[in-house]
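Asks: Sending over a structure as structure tokens; questions will come in a sec.
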Amino acid sequence: TSGVKEIRQVAAFAAKQRTALFIDEIHRFNKSQQDALLPSVENGDVVLIGATTENPYFSVNSALISRSQVHLLKPLTVEDLEKVITRALAHKDGYNGKITLEKEAITKIAEHGNGDARMALNYLELAALVIGANITREEAEKLLRNRAYRYDKKGEDHYDTISAFIKSLRASQPDAALVWMYKMLEAGEEPRFLFRRMSIFASEDIGMADPNALQFVTAAWQAFEMVGMPEGEYFLAHACTYLGDAPKSRGVAGAMKKTKSAVQSASSLEVPMHLRNAPVKAMREQHGYGEGFDGNYFPTAVTNRDSR
């Protein structure tokens, strides 16, 4: 909630005494707010510590990044979360021994914490409220059946997961691709986004190795639009497994990129005389339109004629 005014007040204080400044969710600062930090960081008045759940290379100004060190904080392990839960059960400021959990129940809650201590403790609190003082593995498992996955449809995990999905298809690992697809679906991803990506994959990564791939994905998408969810999952899974099992070729993608580059770098794209339209006899006889075919179908200036 702080603005440029507050940042300048901190900078004025730091000019008198070197200050460590911690900013949580620094990605929420806009460009002008982040820029206001630069002078104090550059002259050493402020030791800036910024925390963010976003990718800092995308959400923090490059000027700040270049003057900083980026440290990646990894999710806690299941063993770490088990220790957190055990401590909360015993600590006087926690449950102080008033509730007990089977060891397997502690592990189950830790697994569902998904690397996040706060989430694990929230699950523990929920279990205590719903189940009571003595919690078994079966009761914890039943309570936590609907798992919340760490997934931000506009954040880094969105791009990481779709990357894993596409790479699994590319490696002809449809079972792995299905796992990533269902992670996205369970987290609320839009099914049409998956169909769009599979449509692109059918041309980019399969292409002429199986020309029916694009037609198949399109038909599955149309069937999905007619049926909807949840039965529409069949068409998503069907398209996914088809693409994973299909032979792969990037010939179309390679031809597209090479041709686009050739067109952009060519000095001229004038149509050769022998390829020009000659609807009038005089154009052929007097100007050579459509005459003198030499076997070349390319513009004269395009020298790289092998796109695949």
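Asks: Looking only at residues in the range 29-52 that are surrounded by fewer than 14 Cβ atoms within 10 Å (Cβ to Cβ) and within 28 Å of the chain's Cα centre (by Cα), which one is nearest to GLU156 (Cα to Cα)?
Replies: Checked the range 29-52; the qualifying residue nearest to GLU156 (Cα to Cα) is ALA51.
Asks: Here's a check for you: in the range 229-250, which residue that is exposed (fewer than 14 other Cβ atoms within 10 Å of the Cβ) and touching a residue at least 40 places away in the same chain (Cβ under 8 Å) is farthest from the chain's Cα centre (by Cα)?
Replies: This residue is PRO247.
Asks: Something else: Take residues that are touching a strand residue (DSSP E or B) at 6+ places or on another chain (Cβ under 8 Å) and modelled with pLDDT under 95 and tell me which of the helices (runs of 4 or more DSSP H) falling wholly in the range 134-248 contain 2 or more.
Replies: Details: elements: 137-143, 156-170, 174-186, 191-201, 212-227, 233-245.
In the range 134-248, no matching helices (runs of 4 or more DSSP H) lie anywhere.
Asks: Go through the range 249-272 and give me each residue that's assigned to a loop (DSSP other than H, G, I, E, B) and either touching a strand residue (DSSP E or B) at 6+ places or on another chain (Cβ under 6 Å) or of a type outside the set (A, V, I, L, M) (or both).
Replies: SER249, ARG250, SER267, SER268, GLU270, PRO272, listed by residue number.
Asks: For the range 272-308: of the residues being under 30 Å from GLY254 (Cβ atoms) and of a type in the set (Asp, Glu), which is modelled with the highest pLDDT?
Replies: So, considering only residues that are under 30 Å from GLY254 (Cβ atoms) and of a type in the set (Asp, Glu), the one modelled with the highest pLDDT is ASP294.
For (1) in contact with a helix residue (DSSP H, G or I) (Cβ under 6 Å, 6 or more places away or on another chain); (2) outside the structural domain of ALA127 (by TED's automatic domain parsing); (3) at positive phi; (4) charged (D, E, K, R), each residue gets a yes or a no:
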| residue | (1), (2), (3), (4) |
| --- | --- |
| LYS16 | no, yes, no, yes |
| HIS27 | yes, yes, no, no |
| VAL41 | no, yes, no, no |
| GLY44 | no, yes, yes, no |
| ILE49 | no, yes, no, no |
| THR52 | yes, yes, no, no |
| PRO56 | no, yes, no, no |
| ARG87 | no, no, no, yes |
| ALA90 | no, no, no, no |
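Asks: Look through LYS281, LYS260 and report the one residue that is of a type in the set (Lys, Arg), more than 24 Å from LYS167 (Cα to Cα) and more than 28 Å from the chain's Cα centre (by Cα).
Replies: When all the criteria are applied, what remains is LYS281.
Asks: Please determine whether any residue of the range 183-191 is outside the structural domain of GLU204 (by TED's automatic domain parsing) and surrounded by 15 or more Cβ atoms within 10 Å (Cβ to Cβ).
Replies: No, every residue in the range 183-191 fails to be outside the structural domain of GLU204 (by TED's automatic domain parsing) and surrounded by 15 or more Cβ atoms within 10 Å (Cβ to Cβ).
Asks: Which condition breaks for ALA20 when tested against (1) in a helix (DSSP H, G or I); (2) not assigned by TED's automatic domain parsing to the domain that holds ALA117?
Replies: Looking at each condition in turn, ALA20 falls short on (1).
Asks: Determine whether GLY254 is among the small types (Gly, Ala, Ser), outside the structural domain of ARG197 (by TED's automatic domain parsing) and either within 24 Å of TRP180 (Cα to Cα) or surrounded by 12 or more Cβ atoms within 10 Å (Cβ to Cβ) (or both). Give the steps one after another, and end with the answer.
Replies: Numbers: among the small types (Gly, Ala, Ser): yes; outside the structural domain of ARG197 (by TED's automatic domain parsing): yes; either within 24 Å of TRP180 (Cα to Cα) or surrounded by 12 or more Cβ atoms within 10 Å (Cβ to Cβ) (or both): yes.
Judged against the criteria, GLY254 is a match.
Asks: Given the criteria modelled with pLDDT of 85 or more, more than 34 Å from the chain's Cα centre (by Cα) and loosely packed, with under 15 Cβ neighbours inside 10 Å, does THR77 qualify?
Replies: No.
The values are calculated or read from the model by the stated rules, or taken from the named source; none is laboratory data. In this text, all values refer to a predicted model and were calculated from it rather than measured experimentally. Here Cβ is always computed from backbone atoms with ideal geometry, including for glycine, and neighbour counts include all displayed protein chains.
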